[in-house]
Structure formats: C-alpha cells, structure tokens
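The values are calculated or read from the model by the stated rules, or taken from the named source; none is laboratory data. No experiment lies behind these values; they were computed from the predicted model shown. Don't worry about glycine lacking a Cβ; one is built from the backbone with ideal geometry, like all the others, and counts go over all protein chains shown.
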Amino acid sequence: MKDRAASLFPLAMLLLLAALTFWLNRVIQGDNPRGPQRHDPDYWVERFQVRRFDIEGKLQHTIVADKLLHYPDDDTTVVTTPHITYHQQPPTEIFARMAYIGRDGKEVDMVDEVRVYRHGISGESAPTLLETRALKVFPDDEKGQSTDPVVITQGKSVMHGTGLNIDNRSGITVLHGRVTGTLYRNRTEKP
C-alpha cells in the first residue's frame, strides 16, 4: 500500500503544478478577450495634402485625398479619393476611388477606377490617359505596376494590355500579356 501512495505522489504534484500554472495564466491575462481585436480606426484625417521634396529641395510629388483612416489591429491605412501629382515636366496625375498605404509608406495600392493622366508637351504630343482597375505605386521611385487589364489612350491611338510596368521618370511604359491596339501617326505636311 505504501508503494502505491509513493507512486501517486509525483502524479499529484504534476496535477497541482498544472492547476497553479492555469491559475497564474488567468491572473496575468485578466479580462483581456482572446478573440480578434476590433477593426476600428485609431485616427483619421479629412481633406489632407502631403508634399514630398527630393534631396535637392525641389517638389517631387503631392498627395491629396478626402479622408485617411488608420487601423491599429493590422496597421493598415485606407485613403478615399487619392490624387497623386508628380511635378516634373510634363506633370503626371494619378486618380483612384480608394488606396491602401503600406506600413512604411513606400507602396500605395490604388484601386477602383484608377486613371493615370500624363499631360502632353504643348505642340509636340497629346496627353496620355491610362486606365485600369488597380495599380501599385511606389511614389518615391515614381514607378508603378499592374496585373489587371489596362487601356492607354493618346489622341486617337488606343492600346490594350493585361498588365504593365510604368516608370514616370523615364516616361517608359511596358505593357504585358496580349497587347492589341490601334496607333495613329501624327502627320506633318512638309513643303
């Protein structure tokens, strides 16, 4: 009988230790819910404007929007009706219905009715309009990319693609996928 009690003693100590651990965990956790946090904004800004300057002090780009909401549970920032303007010549403007800004602000996902409008050089070229559903923009690098269908219009010329990479500094846009379109030359009469 004595041997049986001696063999149950370690089991009793183990159960006591487990109960003590459970109690200590409850005391430390307190009344904190174990479910997911609520998705409520911790701050918001209405009708704001942000200006970014390059290292030489020249205005690089401006971001204007109606509203910005920041959510702390997943550290997301949602912007309604964003408008980005790059101020080099010719200027380029990007519009969308919504945007999601990355944690460090280096990426902006423009979504819903995205339009990129590159002003033409007066007398030399017509303005260019790019339309797509979503565009990932890297504002400081002046680059963007999309995997959604894209339509580019310049004057009467129209190009369609299934994605693109765009570099605003060089002015080069590369369409991906099956690219179709109609191009019209600008004819100048020579005497």
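Would you mention how many residues in the range 96-108 are part of a strand (DSSP E or B) and either at pLDDT below 90 or surrounded by 17 or more Cβ atoms within 10 Å (Cβ to Cβ) (or both)?
Qualifying residue count for the region: 4.
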Problem set entry | Whichever residue in the range 157-172 is assigned to a strand (DSSP E or B) and in contact (Cβ under 8 Å) with a residue 24 or more places away in the chain and, among such residues, is farthest from the chain's Cα centre (by Cα) | S157
Exercise. Say we look at the range 25-74 and pick out the residues that are in a helix (DSSP H, G or I) and of a type in the set (S, T, N, Q); which of these is modelled with the lowest pLDDT?
Worked result: Q29
Seminar exercise, completed: Within the range 125-144, the residues that are more than 14 Å from I172 (Cα to Cα) and not in a strand (DSSP E or B) are S125, A126, P127, P139, D140
Exercise. Within the range 175-182, is there a residue that is of a type in the set (S, T, Y) and in contact (Cβ under 8 Å) with a residue 40 or more places away in the chain?
Worked result: no
Problem set entry | Residue list for the range 145-155, restricted to those being at pLDDT 90 or above and either in contact with a helix residue (DSSP H, G or I) (Cβ under 8 Å, 6 or more places away or on another chain) or part of a loop (DSSP other than H, G, I, E, B) (or both) | T147, D148, P149
Exercise. Has the range 115-124 got any residue that is more than 18 Å from G181 (Cβ to Cβ), hydroxyl-bearing (S, T, Y) and at pLDDT 90 or above?
Worked result: yes
